[in-house]
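A.B. asks: Can you read through this structure? Questions will come right after.
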Amino acid sequence: MDKISEFFSTGNNLYYVIAAAAALVIAAVVIAVAVTVAKKKKKRAEAESEADTRETDSPSAPGSEPAYDSSAEGEIDVDKLVVRSESDYSPELNANLTIRLPVKYESDEVDSIVPAPVRNKEKKVKKAEPEPKPEHEEKKTSFKEHVHSPEAGRRPGTIQIYTDMGGKYRFRFKTSNGETVGHSQGYTSKEACKNGIKAVINAARVADRVDSTREDYVAAIGKTSFVIYRDRENKFRFRLTAANTSNILASQGYTSKANCINGTESIRNVALFHNLVDDTKKRADKQA
């Protein structure tokens with residue numbers, strides 16, 4: 001202990017001790033840094049060897065090509081390419097020879113990518129939508145749609161007097177082939193019904209035809225006329241109006257305007273050439 005105390009009591013010896021301690025610290029730091037760097041290099045080498053092992057050991061997927069490893073980026077200068085003949089390669093090499101061009105990517109770690117096949121998306125076929133129903137569905141009617149026939153107009157038609165379910169008198173105009181083209185309102189007496197027939201005959205001979213379905217329609221006032229219009233079922237109809245605008249005859253429904261217009265001509269034909277039939281007498285005789 002005395003020798004140690006004597007050693008440190010000397011000024012020069014103390015400086016030597018401090019310098020030796022500093023050298024030991026520096027050596028320790030250098031050794032630690034060297035060990036750390038060596039470990040990092042070892043880990044990097046192990047990772048690279050493991051990646052190489054995976055590439056060589058794992059089988060290639062069917063249809064895939066070997067990865068292209070090239071440090072070159074950008075376009076290839078064609079003038080610098082070396083062209084070799086087939087004799088420069090072995091048959092085995094020629095069979096597996098594949099030329100791939102380098103592709104530029106944002107990351108340097110990726111050299112090339114083999115795109116996976118993309119399946120075409122199946123187009124969805126829209127099912128046919130059911131046809132929309134018409135706004136006005138046609139209802140069944142007791143009238144058969146009349147089609148004007150010039151041949152039928154040459155033969156006499158029929159004006160038939162009859163009684164309805166309410167006991168009122170009515171009449172209807174029929175063509176020579178038996179088709180009804182117009183019918184009257186109800187009358188409380190047969191005499192009034194016959195007067196209505198006379199009014200229709202006189203009006204039909206001179207009546208004008210007016211189409212209220214047209215945009216330029218103008219109502220006829222003060223004269224008899226056949227007025228063509230659309231009903232609630234969207235069918236074409238006509239009514240015969242007297243000079244005082246009262247309705248004295250109405251038609252059936254028509255799906256086409258042409259047939260409706262021709263129906264007015266059939267009324268004129270029956271008014272000019274017809275037979276008068278009173279079915280109320282037959283009914284009275286049956287009841288008696």
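A.B. asks: Considering region 224-239 alone, what residues qualify as being surrounded by 14 or more Cβ atoms within 10 Å (Cβ to Cβ) and part of a loop (DSSP other than H, G, I, E, B)?
C.D. replies: Filtering region 224-239 for residues surrounded by 14 or more Cβ atoms within 10 Å (Cβ to Cβ) gives 224-230, 233, 235-239.
Residues satisfying the conditions are Thr224, Glu233, Lys235.
A.B. asks: Another question, then. Can you tell me which residue in region 161-178 is farthest from Asn247 (Cα to Cα), limited to those that are crowded, with 20+ Cβ neighbours inside 10 Å, in contact (Cβ under 8 Å) with a residue 40 or more places away in the chain and of a type outside the set (A, V, I, L, M, F, W, C)?
C.D. replies: Thr175
A.B. asks: Within region 211-223, does at least one residue satisfy the condition of being in a strand (DSSP E or B) and under 14 Å from His183 (Cα atoms)? Before the answer, list the steps.
C.D. replies: We begin by selecting, within region 211-223, every residue in a strand (DSSP E or B); these are 211.
This time we only want the ones that are under 14 Å from His183 (Cα atoms), so: none.
No, every residue in region 211-223 fails to be in a strand (DSSP E or B) and under 14 Å from His183 (Cα atoms).
A.B. asks: What is the number of the single condition among (1) under 49 Å from the mean Cα position of the chain (by Cα); (2) within 18 Å of Leu240 (Cα to Cα) that Glu215 does not meet?
C.D. replies: (2)
A.B. asks: Here is a follow-up. Quick one: is Lys223 within 20 Å of Arg172 (Cβ to Cβ), in the same structural domain as Ala258 (by TED's automatic domain parsing) and among the basic types (Lys, Arg)?
C.D. replies: Numbers: within 20 Å of Arg172 (Cβ to Cβ): no; in the same structural domain as Ala258 (by TED's automatic domain parsing): yes; among the basic types (Lys, Arg): yes.
No: the conditions fail for Lys223.
A.B. asks: From (1) surrounded by fewer than 17 Cβ atoms within 10 Å (Cβ to Cβ); (2) under 17 Å from Glu179 (Cα atoms), pick out the condition that doesn't hold for Val270.
C.D. replies: Looking at each condition in turn, Val270 falls short on (1).
A.B. asks: In region 240-258, which residues are outside any loop (DSSP other than H, G, I, E, B) and surrounded by 17 or more Cβ atoms within 10 Å (Cβ to Cβ)? Even if it seems obvious, please write down each step before you answer.
C.D. replies: Quick first cut of region 240-258, residues outside any loop (DSSP other than H, G, I, E, B) only: 240-241, 247-250, 254, 257-258.
Within region 240-258, Leu240, Thr241, Ile248, Leu249, Tyr254 qualify.
A.B. asks: Only one of these is among the hydrophobic types (A, V, I, L, M, F, W, C), modelled with pLDDT under 95 and either part of a helix (DSSP H, G or I) or surrounded by fewer than 14 Cβ atoms within 10 Å (Cβ to Cβ) (or both): Ile197, Ile261. Name it.
C.D. replies: Working: Ile197 fails: modelled with pLDDT under 95.
After ruling out the rest, the residue left standing is Ile261.
The values are calculated or read from the model by the stated rules, or taken from the named source; none is laboratory data. These numbers were taken from a predicted model, which means no experiment stands behind them. Using ideal geometry, Cβ is built from the backbone for each residue, glycine included, and neighbour counts are taken over all protein chains shown.
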